[in-house]
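Before any comments, here is the structure.
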Amino acid sequence: MAVIKSIDFLPGIFRSTANKKFLNATLDQLIQEPDFKKIFFNT
């Protein structure tokens, strides 16, 4: 699973700490591959 960071797509002038924190909390959550776990129910 590759880790994709949205900050890597920004030009250098926009790669500030504030933008990195914001993108990590918002956009990076949407572009990551899902981490599914299989759940079994005993019925």
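Quick note: the coordinates plus some simple rules give every number you see, no bench work behind them. On a predicted model such as this, the values are computed, not experimentally measured, just so you know. Cβ placement follows ideal geometry from the backbone for every residue including glycine, while neighbour counts extend to all protein chains displayed.
Considering only Ala18, Phe36, Val3, whose Cα is most displaced toward the positive end of the charge dipole of the chain, charges sitting on Cβ of Lys, Arg (+1) and Asp, Glu (-1)?
Of the options given, the answer is Ala18.
On average over all directions, what projected area in square nanometres does the chain have, based on the convex hull of its Cα atoms?
Averaged projected hull area, Cα only: 4.2 nm².
Taking the simple approach of a point 7 Å from Cα along Cα-to-Cβ for both Asp8 and Ile39, what is their distance in nm?
3.2 nm
Where does the chain land at 222 nm, in deg cm²/dmol rounded to the nearest 500, when only DSSP H runs of n ≥ 4 count, each adding -39500 (n - 2.57), divided by all residues? The partial results should precede the final answer.
Values: 2 runs with 14 residues, N = 43.
Dividing the helical sum by the residues of the chain leaves -8000 deg cm²/dmol.
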